Every structure is written in C-alpha cells, then in structure tokens.
Amino acid sequence: MSAAAARRMAIAAQGLADPRPTGQPSRRHLSKVLGRTQLLQLDSVNVAVRAHYMPVFSRLGPYPMTMLEEAAWSPSARRPRMLVEYWAHVASLIPVQDWPLFRERMQRYAAGAQRYYESVRHSRELIEDVLTVVKERGPLSAGPIEDELGGGTRTKRVKGGWWNRSDVKRTCEYLFAAGELTTGTRRGFERYYDLPERVLPPEVLTRRVDPDEAHRTLTEHAAVALGVATEPDLRDYYRLSPSDSQQAVAELVDAGVLEPVAVEGWRAPAYRHVDAKAPRKITARALLCPFDPLIWRRERTERLFDFHYRIEIYVPEPARKFGYYVYPFLLGDELVARVDLKADRAAGVLRVPGAFAEQDADHGRVADELAAELKSMADWLGLDGVAVANNGNLATALRKAS
C-alpha cells in the first residue's frame, strides 16, 4: 500500500472525509462520529475548548455542546445515556455498551495495578464509608463526600475515621478505576461520583466478557478507528499490554478481520481492517485539537503526515516553537498548518497568537480555508470574531483572510 493511500484510509476511518451535516447536527450524527472514533479523550485544559468537545466539531461542524453533555452526563427517559467515563485510551468517554470490556482492567486496578492508589487501597473502612455516602446521597463530588466523613465543616453522618480530603479524593478515584464508582454527572467539569447500578443499564452492568474476547473487541474497535495501523498503534488506542495486543492481532488476522499489509515507508508491519477504504480524493477541512484520535499518537502522526507535532503546554514560554495549545489544520489529505488558539471569553474573540504554514503549503489557499474554519469555530464558541497576532509565517495572510 502506498503511503498516500494509508493516509487517506486513516482520515476516512476517523470520519473526517465524511460530508458535514447541512442542518443542525443531531444525536444520530453524534452516534456516527462515535462509530468512527470509538471514544473521546477527556482533558481539563480549557484554553480554547475542552478536548472532548472538539473532535465532534472537527467532524460535524457547529453542533450544540449540550447534545454531547446530555449523551454523557445528563440523560433522560427520552434521551438515554450514550457515553460513560472510564480509563480507555486515557480518561475517556466510551459508549455505554463498551463498559464491560474493561472489567479485567478494573480488576487489575482493584488489585493494585496503580501505585497512586496504594495508600488507600487497603483502607477498607474508608472505602466502605465513601461507598455508603455515595449510596445515600450521590451523585457527589469528592469535597462533599469528605465533608460527610467529618473532614469538613458538616456534621459527620457515617461511622468511621476523620478522613482528610486527599485520602477521600484518592479513594474515590481508586473506586472509579476499580469499577465500584463511576461518573454520574459533571458540573463545571468536576466529577460527581455515583454507583454504577444507578448509571448503567442492567444488561450492561451484568454482562461478563472473557478477557481474551475483550482484547479482541477493543483491538477491532481500534482497527475500525485507525483504518490501517501497526500493532503498537492498535495497542495504544486502548492502552492494552503488548502481549494482550499481539495475541488479539494474531487472532483477528486468523479470523479475517485484519489483513496484514506493507505500507510504503513504514518500518513495522501494518494491519488493515477488512472494511477500511481509501478514497481516491479527500476534501476534508478540520482543526484538530491536541487530543484528537487522528493525531494523539505523535509517532503515527509523523509517519502518516510527515508532520512533527508536540504539545508545548509544559515547555517554558521562551522555549516554545509554535505556542501553548496548538491545533494542526487538516486540508484535503494533508496537515498543512498549525495555529495556537485561545478563546478570550472576556473580550469575545478567538485569539490566534501564532499561525504557521508547513513547508511548500500554498499560503493564500491555506489562509482562506483556515480563516473560514476559525470563523466557524468562533461562532460555535459564542465568540464575536477572530483576532490574529503577528507570530508565524502564516500570520499576515491569515489576518488578511480573517
């Protein structure tokens, strides 16, 4: 397979080659996006927009954020919950029906797979106290749970120790990882813990999946989302262990679900999902947040697009090359530019502190297309316009086009 065909296949698998809805997107469109990406990564950084909202915008264009929020955190009888939180790629929103696929991971966390939880894992009294408070008063965030347990100003209502906030928060996170608590809702992005039986439908809660079957299913999900990928690419999508991933890939090859392929320029063997297609031409136009699943594995991004990309949030400002929170810009089947973005909500503008075109990019065309996408993003965020600063080789052309 040529490198260009692999690139087009990867873009198409992620749903970025699909035409955007002509009217306001609906839950049906959201479901289609999730059928492509399989999950949405959660991240708290809100300098432009939080990470889980952006991949849906990249694929659908302007959509009501409340649609995603209802699907994940505010279900109703008319609109049941579509998504639930768990450690999938990292902290992620996954389809509700996928929750049982992570039971083995939950069991490993419960048994001590993560050292962060070690200080509270054996505190059965604290664990029981937290579960009792959530059962009686949930959904609750960690602060009110800690207050109920006597570490705050409220009267202590359950029997047990006088627990401090860090122990309570860590216990909540341990129970979340172990599958004994989940996220009932979020408010201001703060997690409110609840019992799984109050969040998940009974058929999901009671479903048991053999670990090998779960690994195969998750690997197939990854293959659907990636189109064509190396085994480490597939492994990374749900953070499987090397041995579990390699076994799952071999079994899916034997079953005819994955087809081994050699991709021009790739050093490692690759695998194509049998249903993956490589369109002859792609007319995509999308801003991609740093945690978009098309680009979150940086080594794969460089292999697919010859595009070296690193997030520079933790780089001291004088040492940053492109900016604090940089979005690659997909045009056609290439990453042609990158822009540092900040939603200045007080001023009502989407700020572009830096705009950079890739080598050999047509600055005029890229600036026109990028300006249109930035205007659409600003409108979606409820901002009045776009303000482009002077930094970067694309800044002048982008400012003229904006």
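Remark: segment 308-317, residue by residue, has Karplus-estimated 3J(HN,Hα) of 7, 9, 9, 7, 10, 4, 9, 8, x, 3 Hz, where x stands for each Gly or Pro and the curve is 6.51 cos²θ - 1.76 cosθ + 1.60 at θ = phi - 60°.
Restricted to Cα atoms, segment 182-289 shows a radius of gyration and a Dmax of 17.9, 50 angstrom. Mean residue ellipticity at 222 nm, helices only, the chain: -11500 deg cm²/dmol; runs of at least 4 DSSP H residues each add -39,500 (n - 2.57), and the sum is divided by the number of residues. Taking amide H as placed 1.01 Å from N in the peptide plane, the amide H of Ala337 sits under 5 Å from that of Phe329, Glu358, each at least 5 places away or on another chain. The C-alpha atoms of segment 1-62 occupy a region whose extents along the principal axes are 38, 28, 18 Å, arranged from largest to smallest. Charge tally for Ala319 (other residues, Cβ to Cβ under 14 Å; Lys, Arg +1; Asp, Glu -1): +1. Taking amide H atoms as placed 1.01 Å from N in the peptide plane, the amide H of Leu140 lies under 5 Å from those of Tyr193, each 5 or more residues away in sequence or on another chain. A cut-off under 13 angstrom between Cβ atoms defines the neighbours of Leu383, and their net charge, with Lys, Arg +1 and Asp, Glu -1, is +1.
Counting Lys and Arg as +1 and Asp and Glu as -1 over every other residue whose Cβ lies under 11 Å from the Cβ of Arg36, the net charge comes to +1. The separation of segment 320-398 from segment 98-130, counted between C-alpha centres, amounts to 43 Å. With the alpha-carbon atoms of segment 363-402 aligned to their principal axes, the span from lowest to highest coordinate is 28, 19, 12 Å, starting with the largest.
Compactness of segment 243-293 is given as radius of gyration and Dmax, 14.5, 38 Å, from Cα positions. The Kirkwood hydrodynamic radius of segment 262-402, based on inverse pair distances between different Cα atoms, is 16.2 Å. The mean sequence distance of close C-alpha pairs (under 8 Å, at least 6 residues apart), as a share of the length of the chain, puts its relative contact order at 16 percent. The HN-Hα couplings worked out from phi for segment 363-380 by the Karplus form 6.51 cos²θ - 1.76 cosθ + 1.60 (θ = phi - 60°) are 4, x, 5, 4, 4, 4, 5, 5, 4, 5, 5, 5, 4, 4, 5, 4, 4, 4 Hz, whole numbers, x standing for Gly and Pro.
Each residue of segment 251-266 was assigned a 3J(HN,Hα) from its phi angle through the Karplus expression (A = 6.51, B = -1.76, C = 1.60, θ = phi - 60°), giving 5, 6, 5, 4, 7, x, 7, 10, 10, x, 9, 9, 9, 3, x, 8 Hz with x at Gly and Pro.
Expressed as a whole percent, the accessible area of the chain that falls on carbon and sulfur atoms is 47 (1.4 Å probe). Over the chain, the fraction of Cα-Cα pairs per 20 Å bin, rounded to whole percents and listed from the shortest bin up, is 25, 54, 20, 1. The amide H of Ala48, built 1.01 Å from its N in the peptide plane, has Ala343 as neighbours under 5 Å, considering only residues 5 or more places off or on other chains. With all protein chains kept in place, the per residue accessible area of the chain amounts to 44 square angstrom at a probe of 1.4 angstrom.
Selection among Gln14, Tyr63, Pro100 by position relative to the dipole of the chain gives Tyr63 as farthest towards the positive end (Cβ unit charges, Cα centre).
Within segment 47-124, all pairs of alpha-carbon atoms sorted by distance into 10 Å bins from zero give the percentages 15, 36, 29, 17, 3. Classify segment 1-112: rounded, prolate or oblate, from the alpha-carbon gyration tensor (a ≥ b ≥ c, eigenvalue square roots; a/c under 1.5 rounded; otherwise prolate if a/b is larger than b/c)? Since a/c reaches 1.5 but b/c is at least a/b, the shape of segment 1-112 is classed as oblate.
Listed cross-link partners Lys32/Lys281; Lys32/Lys169; Lys277/Lys342 are compared with a 31 Å cut-off, the Cα-Cα value being larger for Lys32/Lys169; Lys277/Lys342.
Bridging of Lys375 to aspartates and glutamates at a Cα separation below 12 Å is possible for Asp384, once same-chain residues fewer than 8 apart are set aside.
Here the translational diffusion coefficient of segment 276-333 follows from Stokes-Einstein with Rh set to the Kirkwood radius across Cα pairs; for 4 °C and 1.567 mPa s it amounts to 102 µm²/s. Taking only the Cα atoms of segment 333-402, the ratio Rg/Rh comes out at 0.96, with Rh defined as the Kirkwood radius.
The values are calculated or read from the model by the stated rules, or taken from the named source; none is laboratory data. What you see is a predicted model; the values in this text were computed from it and never measured. Neighbour counts run over all protein chains shown; Cβ positions are idealised from the backbone, glycine included. In case anyone asks, the SASA skips ligands and DNA or RNA and just uses the protein heavy atoms, side chains included. Shrake-Rupley method; radii C 1.70, N 1.55, O 1.52, S 1.80 Å.
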